[in-house]
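Structure first, then comments.
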Amino acid sequence: MLTIKPTENLTGLTISGDYWDLDDIIHAIYEVIGEEKRYFHYEGVRQRLLSFCLKLRQASKGEHHIDFVPNGVNKETKKKMNAIIPERNIYYGVNFLLPELIFAALALNDFISLYKKTINNSEWSIAVTSVRKFQALVADAIASFMTKEHYVAFLTRLHTKSPLFHQYATQYVDILNLEYLSLSKEERAAHIASFAFRFLAEDETYKVLVQQLLGVTSISKQSFHEVELTFKYPEEDTIVW
């Protein structure tokens, strides 16, 4: 069973599950976001989601965290079945910075809308159902850090502002990642709601970023996502999760 839980220091969220749990959400995201350039104005967001999936795939190969989780089998069960059965399953886990994971969950809303308009409008789509479950797990993980009023306002804003990430400057995710990473545990707990809301509104930081990108792309004729900005992330093994 896929689980998403806050890390000890609220640095991010841990996605955990067995191989097939991770494989399922990876393939569901692949299906929903479509092939390269299918949704031209979402290519930067799509590439960011592909990087997210790559990290999940690495996790499914045991390249991040491995846990042994009780599976319900006990001595009595093995005795009744007269078989040697493991009492724990292998779960693979990986950490994501909180703004990064919130962005992924929100951005998939746009892709679901595009997918249903152009590919498969069925209410029984397995891919959409898997992605919706993933989104619900992310929402549940951050809900405890919001007041009821803030959470309702967040969901209302999410469902009324569409599309959210058309021609989006995804470098803004890096800005929020680093800003969030610089906070203390107490500051993170107090500001999780505000970081989530910042993806639903173009604040001054985002507007300044867009103006900078426009200055570059007006000359280079690149798309926003093709402009490489330098962001200094700490080495992952030095991050206190």
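Of note:
- Considered as a group, the residues in the range 221-236 that are modelled with pLDDT under 90 and exposed (fewer than 12 other Cβ atoms within 10 Å of the Cβ) include one that is farthest from the chain's Cα centre (by Cα), and that residue is 221.
- Unmet requirement for residue 194, which otherwise passes all of (1) touching a Leu at 6+ places or on another chain (Cβ under 8 Å); (2) assigned to a helix (DSSP H, G or I); (3) not acidic (Asp, Glu): (1)
- Filtered by the rule that a residue be more than 19 Å from residue 100 (Cβ to Cβ) and part of a loop (DSSP other than H, G, I, E, B), the range 203-226 gives 221, 222, 223.
- Only one of the listed residues (60, 16, 113) is under 28 Å from residue 160 (Cα atoms) and more than 12 Å from the chain's Cα centre (by Cα). That residue is 113.
- Candidate set: the range 25-57, residues that are among the basic types (Lys, Arg) and part of a helix (DSSP H, G or I); chosen: the one nearest to residue 111 (Cα to Cα): 46
- Of all residue pairs spaced 6 or more apart or on separate chains, those with beta-carbon atoms under 9 Å, a first member in the range 204-218 that is closer than 15 Å to residue 167 by Cα and in contact (Cβ under 8 Å) with a residue 12 or more places away in the chain and a second member that is part of a helix (DSSP H, G or I) and of a type in the set (Ser, Thr, Tyr) are 206/172; 209/172; 210/172.
- For the range 188-202, the set of residues classified as within 18 Å of residue 100 (Cβ to Cβ) and without any contact (Cβ under 8 Å) to a residue 60 or more places away in the chain consists of 191, 193, 194, 197, 198, listed by residue number.
- Wholly enclosed helices (runs of 4 or more DSSP H) of the range 58-168 bearing at least 3 residues closer than 28 Å to residue 9 by Cα: 98-118, 126-143, 148-160
- Close contacts from the range 119-147, counting a first residue that is free of Cβ contacts under 8 Å to residues at least 40 places away in the same chain and among the basic types (Lys, Arg) and a second that is in a helix (DSSP H, G or I) and surrounded by 15 or more Cβ atoms within 10 Å (Cβ to Cβ), with Cβ to Cβ under 9 Å and a gap of 6+ residues or different chains, come to 132/108; 132/112.
- Condition check for residue 175: in a helix (DSSP H, G or I) and in contact (Cβ under 8 Å) with a residue 12 or more places away in the chain: yes
- The one condition in (1) under 26 Å from residue 63 (Cα atoms); (2) in contact (Cβ under 8 Å) with a residue 40 or more places away in the chain; (3) buried (at least 19 other Cβ atoms within 10 Å of the Cβ) that residue 158 fails to fulfil: (1)
- Check on residue 145, out of contact with any strand residue (DSSP E or B) (no Cβ under 7 Å at 6 or more places or on another chain), among the hydrophobic types (A, V, I, L, M, F, W, C), within 21 Å of residue 6 (Cβ to Cβ) and modelled with pLDDT of 95 or more: no
- Residue match in the range 28-42 (condition: touching a Ser or Thr at 6+ places or on another chain (Cβ under 7 Å), closer than 25 Å to residue 127 by Cβ, surrounded by 11 or more Cβ atoms within 10 Å (Cβ to Cβ) and not aliphatic (A, V, I, L, M)): no
The values are calculated or read from the model by the stated rules, or taken from the named source; none is laboratory data. These figures come from a predicted structure and were not determined experimentally. Note that we place each Cβ from the backbone using ideal geometry, even for glycine, and neighbour counts take in every protein chain shown.
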